[in-house]
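Working notes, structure below.
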Amino acid sequence: MSVADFREQLAAGTRAARVVAAVHQATWRKVAQREAALAALPHAGALRDRAAQIRAHVVAHLPDYLEQFVAQATARGAQVHFAPDADAAVRLITALAVQRGLRLAVKGKSMTSEEIHLNAALERAGLRVVETDLGEFIVQLDRDRPSHIITPIIHKDRRQVAEALVRELGCRYTEDPTELSLIARRHLREIFRRCDLGITGVNFAVAETGTLVLCTNEGNGRMCVSRPRVHVALLGIEKIIPRLVDLPVLLKLIARSSTGQALGAYTTLITGPKRPDDSDGPAELHIVLLDNGRSTILAGPHREVLRCIRCGACLNACPVYRNVGGHAYASVYPGPIGSVLSPLLDGPSHADLPRASSLCGACLEACPVKIDIPHLLVALRAEHRARRPLSRRIGLRLWAWAMQRPWLYRLGQRVLRRIVRDDGDGFARHGPGPLGLWTAGRDLRRPPARSFRELWHTELRDER
Amino acid sequence: MNADSRPPAPPATFDALLARLRAAAPRAAGGDARGAAPGERAVSADSPDAPLPGDHLDLRAVPPDADRVAVFTAAATAVGVTVHRAARQAWVPVVLAVLEKLGARRILLEAADHTAFRAAEAEALAAALRAAGREPLVRPDDDTLFDGVDAAVAGVTAALAETGTLVTATGPQTARGTSLVPPALVALVDPAQIVGDLLEYFADPRLGATLPANVNLITGPSKTADIEGVLVTGVHGPGHVHCVLC
Ligand code: SF4
């Protein structure tokens, strides 16, 4: 995405007042829920230290743990594949499905699958792909994109959900969230009966035992890993944890950080496919290990970001996310984590994102594995300084030059005071001339009637 | 996607990936005492090279001498599980009353040796259900499971006090669908099966070697809050979860 695209998205995002209201309400609620849950957790601070230590340890020793994971998972009957990039992963999964004649795929919520844009490719290969997480299901009906990594439809209110269900499923109109959820349940239940391919992400993968761990709430994830005859799990190479004993440390934090629950409704540990004497479950378990830029991140100075457990707490805590919503980032991963991850995964197309932050530090405070996002953002900004738009570079130069000449600066202030018109509320949204570039994505406070300098000379100095 | 910014070739094979990761983090290959890379700040006092503690039991939530039944009951109730107490000899009427209240007519019974609901218990309950004009089912086929079961009764492998969690495991006697597909779940739990918390449960050294294909930690009914944060229960899994301690 170009810088201009980002501004457009930003403008579109901030214009939609309904979206802003929905996101505001939801994020504040989630912040309160997270804080309450962590306040009630014994040893919360020590658990965060330990969780950060475990994840940093894995990042530092990833090759050993990856090798162990693959050996263990294979020994327990899983088939492990490696995908260097998104295209390879998509090709691999599509071929797998086509070779086996699979027709109906059910998906659990997986940001990694969004990252590789899997659905379109499977559909081109003739499969029907159904998102089964309620939020993702609505996103799919609306041909929309998720705007939050945990709550995909955080930007929609109940009316929009109702409209989507009525339009696509032909059901009766209702705005009651319970009835709306039950409508989706009835529709998806038939699909769970007939599906033959389940595709999910993975929250944690245990090297010691080759176990995949899924944290879910609705039960759709469990359906996806127990109903179809083939389960494909898409696993980013950084999601490994060393041992089973390390799992509870992360489990204690992930739900509390994302939804304020002590534990999600379902924590599922999957160790290999259906055993010979199991009465149900998938006959085949395929684990697709996805690199897609992660090994490059690990080799660079920003590897700390690979600790992330995708809990979404930093999104909820972020004042920028709260005001612009997830779509404004125009990247799969929005919010503070997205502002770090997207430029690293996708390169220059997201180089502007690290500037979508006030560096207030709320994300660091919220992060259960203590990723220093503000520092990473500053480092990424520095790397991309040269790519700042020319207009901004010239603007900042001029500013610096004028500031060194008090008479010129004073003159500039006076001119600005005359030409900047606010919208009656102290904020200008359409700056004159080149200033318009700045206000395209921001509100500019109207310059005060008198500058500090003037106040100083006329009043303050006498009171000293 | 813009590939220009990336180093020329991503590792094409798993071995190439490992080699690349090893080159990036020589510490992992052994010995190199290089300090933390720039951008990677030390975590508390520990560096990524410090060995992890053997277990994390020092951080457990429920002290070993706590009343686990009381902690479990409070936590399970808080997440929407209805907890019942029954004397060891008198659990059948309690379960019957629960099923009656649920309006369940066709009831899946899943007995398993490693739980508090074994063949003998299943037989006793089946007889009582028939006497009450209800239909007990064992190993129903798929269509029955989806359309013809009102509730499932089963045991658990463990329960976690801190979070009010029921732990189930798949095996020759226990199916994935039992605690998932029917709209209600009634779990029989022996109070001796309750451990303090996740840390205690996963510290069991036998766990790793005996992991079945699926272990499910079930904490309350199936739920979502995707629509405006309003809590809705019973989305795809059971909307009603009852626990009978006996
Ligand atoms: S960066 Fe931290 S807070 Fe944000 S999603 Fe990742 S783990 Fe959660």
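The values are calculated or read from the model by the stated rules, or taken from the named source; none is laboratory data. Predicted model only: the values in this text are computed from it and were never measured. All Cβ positions, glycine included, derive from the backbone under ideal geometry; neighbour counts span all protein chains shown. Side chains are part of the model used for accessible areas, which takes the heavy atoms of the whole protein and leaves out ligands, DNA and RNA. Shrake-Rupley method; radii C 1.70, N 1.55, O 1.52, S 1.80 Å.
Under a Cβ-Cβ limit of 4.7 Å, which cysteines in chain A have nobody to pair with?
Here A:171, A:195, A:215, A:224, A:308, A:311, A:318, A:360, A:367 come out as lacking a disulfide-compatible partner, given the Cβ-Cβ threshold of under 4.7 Å.
For each pair in A:30/A:156; A:30/A:239; A:239/A:370, compute the distance between the two Cα atoms and list the pairs where it is over 18 Å.
From the list (A:30/A:156; A:30/A:239; A:239/A:370), the Cα-Cα distance tops 18 Å for A:30/A:239.
Identify the trypsin sites (Lys or Arg not before Pro) of the stretch A:161-263 meeting these criteria: DSSP loop state and at most 12 other C-beta atoms within 10 Å of the C-beta.
Here the sparse-neighbourhood loop sites are A:172.
Are there any residues in the stretch B:177-215 with a reduction of at least 40 Å² in accessible surface when going from the isolated chain to the assembly of protein chains? Probe 1.4 Å, please list them by number.
B:180, B:198, B:199, B:202, B:208, B:211, B:213, B:214, B:215
With N denoting the number of residues in chain B, provide Rg(C-alpha) divided by 2.2 N^0.38 Å, to two decimal places.
1.34
To the nearest µm²/s, what D does Stokes-Einstein give for the stretch A:243-385 at 25 °C and 0.890 mPa s, using the Kirkwood radius over alpha carbon pairs as Rh?
This corresponds to a translational diffusion coefficient of 144 µm²/s.
With a 1.4 Å probe and every protein chain left in place, tell me how much accessible area residue A:117 has, in Å² to the nearest 10.
Number for this one is 120 Å².
Could you tell me the extents of the protein assembly as shown's C-alpha atoms along the three principal axes, largest first, rounded to whole Å?
Largest first, the protein assembly as shown extends 98, 60, 59 Å along its Cα principal axes.
Per the helix-only calculation at 222 nm, which mean residue ellipticity applies to the protein assembly as shown, given -39500 (n - 2.57) for every DSSP H run of n ≥ 4 and division by its residues, nearest 500 deg cm²/dmol?
The helix-only estimate for the protein assembly as shown comes to -12500 deg cm²/dmol at 222 nm.
Amide H to amide H, which residues 5 or more places from residue A:210 or on other chains are under 5 Å from it, using H placed in the peptide plane?
Sorted by chain and number, the residues that satisfy this are A:73.
What FRET efficiency do you get for residue A:417 and residue A:158 if R0 is 60 Å and r is their Cβ-Cβ distance, rounded to the nearest 0.05?
Once the sixth-power term is evaluated, E becomes 0.85.
Report the gain in length on full extension from residue A:277 to residue A:74: 0.36 nm times residue separation, minus Cα-Cα distance, nm rounded to one decimal.
Gain on extension, residue A:277 to residue A:74, equals 71.2 nm.
Let's test the formula: R0 of 25 Å, r as the Cβ-Cβ distance of residue A:409 and residue A:323. What FRET efficiency results, to the nearest 0.05?
With a Förster radius of 25 Å, E is 0.25.
Hey, can you grab everything whose amide H is under 5 Å from the amide H of residue A:287? Only 5+ residues off in sequence or another chain; H modelled, so Pro and N-termini drop out.
Amide H to amide H, under 5 Å and 5 or more residues apart or across chains, residue A:287 pairs with A:79, A:80, A:81, A:233.
Considering every residue in A:445-452, what mean count of other chain Cβ atoms within 10 Å of its Cβ is obtained?
Per-residue shielding by partner chains comes out at 0.
Label-point separation (nm) for residue A:36 and residue B:141, each offset 7 Å from Cα along Cα-to-Cβ?
4.8 nm
Out of residues 5 or more away from residue B:155 or on other chains, whose amide H comes under 5 Å of its own, with H placed 1.01 Å from N in the peptide plane?
B:112, B:117, B:188
Between 0 and 90 degrees, rounded to the nearest ten: what's the tilt of helix B:14-24 against the longest Cα principal axis of chain B?
The answer is roughly 60 degrees.
Could you give P(r) for the stretch B:53-115, binned at 5 Å from zero, as whole percent values over all Cα-Cα pairs?
Going out from 0 Å in 5 Å bins, the stretch B:53-115 shows 3, 12, 14, 18, 21, 13, 8, 7, 4, 1, 0 percent.
Evaluate the relative contact order of chain A (contact order divided by residue number), counting alpha-carbon pairs under 8 angstrom at least 6 apart; express in whole percent.
Worked out over chain A, it gives 20 percent.
Subtract the Cα-Cα distance of residue A:454 and residue A:99 from 0.36 nm times their separation in residues, and report this length gain in nm to one decimal.
120.0 nm
What average count of beta carbons from other chains do you get within 10 Å of the Cβ of residues in A:436-444?
Average neighbour count from other chains, rounded to a whole number: 0.
Among the listed pairs A:274/B:101; A:109/A:274; A:274/B:223; A:252/B:223, give every one whose C-alpha distance is greater than 24 Å.
Flagged as over cut-off: A:274/B:101; A:274/B:223.
As an exercise, use a Förster radius of 22 Å and the Cβ-Cβ distance of residue B:123 and residue B:190 to find the FRET efficiency, rounded to the nearest 0.05.
It comes out at approximately 0.75.
Compute the whole-percent fraction of alpha carbon pairs in the stretch A:396-463 spaced more than 16 Å apart.
More than 16 Å apart: 57 percent of the Cα pairs in the stretch A:396-463.
For residue A:153, what accessible surface area do you get with a 1.4 Å probe? Give it in Å², rounded to 10.
Surface accessible to solvent at residue A:153 totals approximately 0 Å².
What is the antiparallel percent of DSSP beta bridges lying wholly in the protein assembly as shown, to the nearest 5?
Approximately 35 percent, going by the DSSP bridge assignments.
Which percent of the accessible heavy-atom area of the protein assembly as shown goes to carbon and sulfur, probe 1.4 angstrom?
55 percent
Working with all protein chains in place, sort A:58, B:69 by solvent-accessible area computed with a 1.4 Å probe, largest first.
B:69, A:58
At 1.4 Å probe radius, can you tell me the per residue accessible area of the protein assembly as shown in Å²?
Value for the protein assembly as shown: 40 Å² per residue.
Could you state how much accessible area is buried at the A-B interface, both sides summed, with a 1.4 Å probe, in Å² to the nearest 100?
8600 Å²
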